[in-house]
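Remarks on the structure that follows.
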Amino acid sequence: MVHLQTLFKISQGIYIVGAREPEGRLVGSCIDSVMVVETNPAQILVSLGHISYTAEQILKTNRFSLSVLGQNNPFDIIRRFGFNTSRNMDKWTDIPHKIINNLPLLTDSVAGLIARVDDVRQTATHHVLLCTVTETIDGTMNTPITYGDYQNHIQNQKKENNMKKYICTVCGYIYDESVEGVPFAELPDDYVCPICGEPKSAFKEMTD
Ligand code: FE
């Protein structure tokens, strides 16, 4: 038996990944799986879901940026980068960022880095990238947020508002009312899954 709540107690941060399509358009995503493997040379492990459009672009270009989120960053940034796809949205538009080595980094983050992909392994659902850090960028003096902090925030919101989650039975995308702020039932009839485009009827309520 594997309990998610136990896994949430393993300290992980939350990060915004930035990359470019080979044609140049900026893409990005929100991830929680980053581990420093060693410091000399600086190498990290990063995992990105197979359904991630940003991951697709990183595998083509072998380069990406990582912005470390702090306790001060609004949860909106997680929602924007984590619950939409860059396939049909320019996530960096209107988000304060700087370009370093041609890659986007949040202006307001605890730290940033640029990495090069050296090796890729596959799990059932994720690409696992072994990368070399080629540059580090100083950020604000805030404390990094952990994935556990985020989960606590979500759980508290859920309790306060009796909010539910709905899963797309086609691609596994999860619509979380506590994150989106809008009850699923109140979404317009023409709402479609932001990942696979299936209609509302493809979603079912989760019972976790
Ligand atoms: Fe879907």
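No lab work stands behind these numbers, since they all come straight from the coordinates. This is a predicted model, so every value here is computed, not measured. Here Cβ is always computed from backbone atoms with ideal geometry, including for glycine, and neighbour counts include all displayed protein chains.
Worth a mention:
- The orientation-averaged projected area of the convex hull spanned by the Cα atoms of the range 115-208 comes to 9.2 nm².
- Normalised by the number of residues in the range 79-208, the mean separation of alpha-carbon contacts (under 8 Å, six or more apart) gives a relative contact order of 17 percent.
- All lysines inside 24 Å of K200 as judged from Cα atoms, apart from same-chain residues fewer than 8 positions distant: K91, K158, K164, K165
- Computed magnitude of the charge dipole of the chain (debye, nearest 20; Cβ of K, R +1, Cβ of D, E -1): 260
- Over the residues of the chain, the helix contribution to mean residue ellipticity at 222 nm works out to -5000 deg cm²/dmol, using -39500 (n - 2.57) for each DSSP H run of at least 4.
- At a Cβ-Cβ separation cutoff of 4.7 angstrom, cysteine residues of the chain with no neighbouring cysteine are C30, C131.
- Geometric descriptor of the range 128-176, per residue, is 146 Å³ (volume of the convex hull of the Cα atoms).
- Remark on the range 41-86: ratio of C-alpha radius of gyration to 2.2 N^0.38 Å is 1.32.
- By average C-beta atoms within 10 angstrom, highest first, the peptides 20-32, 132-144: 20-32, 132-144
- Once the Cα-Cα distance is subtracted from the 0.36 nm per residue extended length, the T107 to T207 segment shows a gain of 32.2 nm.
- Karplus-derived 3J(HN,Hα), 6.51/-1.76/1.60, for each residue of the range 52-59, Hz, glycine and proline x: 6, 5, 4, 4, 4, 6, 5, 5
- Percent of Cα pairs exceeding the 25 Å cut-off, where the set is the chain: 39
- Under Stokes-Einstein, with the Kirkwood radius over Cα pairs as Rh, the value for the range 1-102 at 37 °C and 0.692 mPa s is 223 µm²/s.
- Subtracting the Cα-Cα distance of Q5 and R116 from 0.36 nm times their residue separation leaves 36.7 nm of extension gain.
- Net lengthening on full extension, D94/N152 (0.36 nm per residue, minus Cα-Cα): 18.1 nm
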